[in-house]
Amino acid sequence: MKVGFVGLGHMGSAMAANLLKAGYEVAVYNRTPSKAQALVRQGARFAEKVADACKNREAVITMLPDDAAAEVVVFGGDGVLGSLRKGAVHVSSSTISVALSEKLAKAHAEKGQRYVAAPVMGRPDAAAAARLWIIAAGAPDAVDTCLPLLEALGQKVFRFGDNPADANTVKLCTNFLITAIIESLGEALALIGKAGLDRHQYVEFLTSSLFSAPIFKTYGAIIAAQQFEPAGFAAPLGLKDNRLVLAAAENLRVPLPLANLIHDRFMTLLAQGGESLDWSAISTLPAQDSGLGKTVPQ
């Protein structure tokens, strides 16, 4: 299968590399061309524009940071919508709004193209190891077509029905749960720290007993060690995802009090200069509230 890949950040670059390793012919595009060079050396074809990544491709995967970037790539001049042939599949692995996913599904259907939403769960190290969890939704034939691609990228593909936007709802709800865990770990570790107890020992106790899930092990270790740079998932993207889940909740009239608290945590972190930090750095704010001192870099 000939594949196009658009968006070569930390996640996209790792995902495209795994498609190459799986034997796919991949054309890669990124707004900053230099980010494509490592993949070109691995055998990818360099695309000078989005249209070149779509031309004569059976599928194109987009991995973009937000709605604005996705709209430009899909609807802009020489974009995916105007360049992908009829019957080909656009696989959106970006974390975008439910509303934009619905818009994309409609636009592709009108063009005779197919659209699958397949956002991913996992940090860059999981992407590099092809150990992502992938949430896929779309017409069964479209998902079936791109399933081998998705299986080359992750450890398991979860199918959530025919409506692509449902995959985006699942992804946003899951990211909300992650931030809720980060917040609760930050609060618990603030109390542990102020009591004079060892944070690392406490995390080891948690993750060796009732809280042995990967999410607690990953973020417990990061928070205990205060290792927020380099960011695996930058704080501004965390704020973006928080806004998207709140928008989805408002549309369906679902109150999310904790999500609103976490929104304020992200706003505080960014106001204090935390733009370059991992999103888990919101966990430093409960300690700051408790009088343990300012932990966000200036």
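The values are calculated or read from the model by the stated rules, or taken from the named source; none is laboratory data. These numbers come from a predicted model, not from an experiment. Heads up, the Cβs are rebuilt from the backbone with ideal geometry, glycines too, and the neighbour counts pull from every protein chain shown.
Observations
- Test: residue in segment 160-173 that is assigned to a strand (DSSP E or B) and farther than 25 Å from GLY79 by Cα: no
- Residue count for segment 98-114 satisfying the condition of being buried (at least 24 other Cβ atoms within 10 Å of the Cβ) and not in a helix (DSSP H, G or I): 1.
- Number of positions in segment 51-71 that are surrounded by 18 or more Cβ atoms within 10 Å (Cβ to Cβ) and of a type in the set (S, T, N, Q): 1
- LEU197 surrounded by fewer than 19 Cβ atoms within 10 Å (Cβ to Cβ) and outside the structural domain of MET11 (by TED's automatic domain parsing): yes
- Among all residues of segment 161-184, there is none that is farther than 24 Å from VAL254 by Cβ and outside the structural domain of VAL98 (by TED's automatic domain parsing).
Yes/no matrix, rows are residues, columns are (1) of a type outside the set (Ser, Thr, Tyr); (2) in contact (Cβ under 8 Å) with a residue 60 or more places away in the chain:
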| site | (1), (2) |
| --- | --- |
| LEU206 | yes, no |
| GLN226 | yes, yes |
| VAL245 | yes, yes |
| PRO257 | yes, no |
| THR268 | no, no |
| ASP278 | yes, no |
| PRO286 | yes, yes |
| SER290 | no, yes |
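- Screening ASN30, ASN18, ASN56 for residues that are polar (S, T, N, Q) and touching a residue at least 60 places away in the same chain (Cβ under 8 Å) leaves exactly one candidate, ASN18.
- When each of PHE233, PHE266, PHE216 is tested for being surrounded by 21 or more Cβ atoms within 10 Å (Cβ to Cβ) and aromatic (Phe, Trp, Tyr), the lone residue that passes is PHE266.
- One residue from GLY232, GLY196 being without any contact (Cβ under 8 Å) to a residue 60 or more places away in the chain and out of contact with any Ser or Thr (no Cβ under 7 Å at 6 or more places or on another chain): GLY196
- Any hit, segment 272-280, residues being outside the structural domain of MET121 (by TED's automatic domain parsing), surrounded by fewer than 14 Cβ atoms within 10 Å (Cβ to Cβ), in a helix (DSSP H, G or I) and under 22 Å from the mean Cα position of the chain (by Cα): no
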